[in-house]
Amino acid sequence: MEAPAPTSHATGFPAEGRCSYFVEKKKRFCRMVAAAGKRFCGEHAGAAEEENARKRILCPLDPKHTVYEDQLAKHLKKCNSREKPKPDFFTQDVNAGLKEEMDISEQLVPFSSLTEEQLENLIKKLRKASEGLNSTLEDHIMSHPALHDALNDPKNGDCAVKHLKQQASILGNIEKLKLLGPRRCFVEFGAGKGKLSHWVDIALKDAENIHFILVEKMTTRFKVDGKHRKESSVFERLQIDIQHLCLNRVPVLREGRLPVVGIGKHLCGVATDLALRCLVETYAASFEERNEEPLAKRIRNDRRDQESSTLSKEESEANAPETWAPVAGIVIALCCHHRCDWRHYVGKEYFRALGLGPEEFYYFQRMSSWATCGMRTSLGASDITTKRKDDQNYDNEEHDDGGDRLPDGSTDSVPGALTAEEKKDIGHLCKLLIDQGRLQYLQQKGFRPALQYYADPLVSLENVLLTAVPAHLSSQEAAQ
C-alpha cells in the first residue's frame, strides 16, 4: 500500500490556495481558502495587517464586528446596524406612558437587601390590596381542529406538542369569542416566527379579505409567514418596537375599514401594556379625530336609543346606529410580569386607588416571578437542563426564568425565609393584582375583559389568557 501524499503539516508550508496562518493550538496551517493574490483568509486577515500597516477597529455602530480604519466612512454608509429611515407607522413613544413617571428602580433598595420587616409590610399591602379578588380563574383549556394533525404527528417531540397545545387553545378561545371570520385584520404582537398567525390562517381556510400584521422588533429566522401564498389572506411583517407603533398609519388599516383583532402568545411583561395601549387607546383615538364616536360613548347612545325607541323591530334594525368597532377583540397569553414597567403600565389608576404607587409596583413585579417556583421543585436539575436545551432546539416562546428567583432549594436570600409554596402563592397574587389593573383599564375603554387559564400548568406555568371584546356584545354572544 502506497504512503499518503505529504500534507501541509508534514511539509511545513500551507496547501496551495489555502490560508498561510499557522494555528498554534492545532499545530497546523489554517485550511480556509484565501482570496486570489492573498496569503490569508478573511478570518486571519489580521495577520497580514502588520505587513500592510492597515489597522482594524471596532465598528462604532456595532462593536460585534470590525472594519479597516481607512474604510470606516465607507462602511458606515452600508453597515447593517446603521439607523435606517423610519417607516410611516413609526411615531416615537406613541404607546409609551408618561415621561414624568420614569423607572425608579435605581433609587430603591435592591430586593435582596430588604429587611424582614420591609418584606412583611410589602406582603401585608399585597394581601390587603388583593382582598376580594377571585384568585381562582376559570379553565378555558380548548383545542381546534386546525391543529389536530400536528398534535397527533409522531414527528413532533414533547416540546413541540407543548407549544401546539397552547396555540390550539388560544385558537379555540378566539373562535369561542366569535373573532374568527372574514374581513378583518389580525395583529400579532411579539410575533416571533409568526406561528400563531399561521394557525389562525389555516383555521380560517378560504375566508375572504383577511390580513395579518406581525409585529416583532427583532430580526427573526425561519419565519413561517413567508410560506403563505393564499390570495384571500395577506401577511405583512413590521419590524418595530410596539412602543412606537401607530396602527392607524399602517396602509392596510388606513385605507381599509377592517376591524382589528389583537393576538399574542406569551407577550412579555411591558409589551402587553404597550400592545393594549396601542390597540384601545392610540388606535381608537385616530377614529375620534375623524369625528367618529368613541366606542364607550357609542354604547351609551345605542342603549339610550333602544330604551326610548317606539319603532318596530324591523324599523329599529334599519335605523340603528352603526356598532362597528375598530378593535373587535383581544386575545393575549400573558407572560413575565417581572418585566413590567411602571411608566408603561396601563393600570396605574387602579394601583393608586388602592393606595399603592411605583415603589410597591416595583417590588410586586419582582416577586411575581415566584409564581413559577413550582418548576424548580417539581423538576430535578438534569430535567431543567434538558428542558432548556429542548426549548432552544424548538422555538423558545416562553420566558419562565427571571425576576427574583431563588437558587434551587434555597431560601436564605429572602428575608423571613419563606417556603417555596408560600412564595408561589405570593407570586400568583402579584400577577393577579397587576392583571387586575389591566382589566380595569380595558373596562374604562369600553371593553368586557376576562382572565382565564388556557393551558394546563404541566404544559406551561405561564398559562393565563387575557381576552376582551367590546362591551356592547352580550354575554351570550361572547360565549358562543
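The values are calculated or read from the model by the stated rules, or taken from the named source; none is laboratory data. Model, not experiment: these values are computed from the prediction. Ideal geometry is used to build each Cβ from the backbone, glycine not excepted, and the neighbour counts take in all protein chains shown. Heavy atoms of the whole protein, side chains included, go into the accessibility calculation; ligands, DNA and RNA do not. Shrake-Rupley method; radii C 1.70, N 1.55, O 1.52, S 1.80 Å.
Some points to look at:
- Among the conditions (1) surrounded by fewer than 19 Cβ atoms within 10 Å (Cβ to Cβ); (2) within 20 Å of the chain's Cα centre (by Cα); (3) not hydrophobic (A, V, I, L, M, F, W, C), residue 206 misses just one, which is (2).
- Region 416-437, subset among the aliphatic types (A, V, I, L, M) and at pLDDT below 90, residue farthest from residue 133 (Cα to Cα): 417
- Considering the conditions (1) within 30 Å of residue 257 (Cα to Cα); (2) open to solvent by 90 Å² or more (accessible area, probe 1.4 Å); (3) touching a residue at least 12 places away in the same chain (Cβ under 8 Å), residue 139 is excluded by exactly one of them, (1).
- When residues in region 2-26 are screened for being at pLDDT 80 or above and farther than 16 Å from residue 44 by Cβ, 1 of them pass.
- If the condition is being β-branched (Val, Ile, Thr) and open to solvent by 60 Å² or more (accessible area, probe 1.4 Å), then region 416-452 contributes only 419.
- Residue selected from region 346-359 under the condition within 17 Å of residue 273 (Cβ to Cβ) and touching a residue at least 60 places away in the same chain (Cβ under 8 Å), by the criterion most open to solvent (accessible area, probe 1.4 Å): 349
- Enumeration of residues in region 149-163 that are surrounded by fewer than 20 Cβ atoms within 10 Å (Cβ to Cβ) and either part of a helix (DSSP H, G or I) or without any contact (Cβ under 8 Å) to a residue 24 or more places away in the chain (or both): 149, 150, 151, 152, 153, 154, 155, 156, 158, 159, 160, 161
- All of 61, 76, 72 fail the test of being surrounded by 13 or more Cβ atoms within 10 Å (Cβ to Cβ), free of Cβ contacts under 8 Å to residues at least 24 places away in the same chain and outside any helix (DSSP H, G or I), apart from 61.
- Index of the failed condition, residue 102 passing every other in (1) modelled with pLDDT of 85 or more; (2) under 36 Å from the mean Cα position of the chain (by Cα): (1)
- Test result for residue 376, under 30 Å from residue 115 (Cβ atoms), modelled with pLDDT under 55 and assigned to a helix (DSSP H, G or I): yes
- Region 106-135: number of residues that are in a helix (DSSP H, G or I), of a type in the set (Gly, Ala, Ser) and modelled with pLDDT of 90 or more: 1
- Which numbered condition residue 138 fails, given (1) among the acidic types (Asp, Glu); (2) over 29 Å from the mean Cα position of the chain (by Cα); (3) modelled with pLDDT of 90 or more: (2)
- Any chance residue 242 is surrounded by 15 or more Cβ atoms within 10 Å (Cβ to Cβ) and in contact with a Cys (Cβ under 7 Å, 6 or more places away or on another chain): yes
- All positions within region 61-101 that are under 22 Å from residue 245 (Cα atoms) and aliphatic (A, V, I, L, M): 94, 96, 98
- Scanning region 451-469 for residues that are in contact (Cβ under 8 Å) with a residue 60 or more places away in the chain and of a type in the set (A, V, I, L, M, F, W, C) gives 451, 455, 459, 461, 464, 465, 466, 468, 469.
- Residue pairs whose Cβ atoms lie under 7 Å apart, sitting 6 or more positions apart in sequence or on different chains, and linking a residue in region 79-96 that is among the acidic types (Asp, Glu) to a partner that is open to solvent by less than 40 Å² (accessible area, probe 1.4 Å), are 93/243; 93/244.
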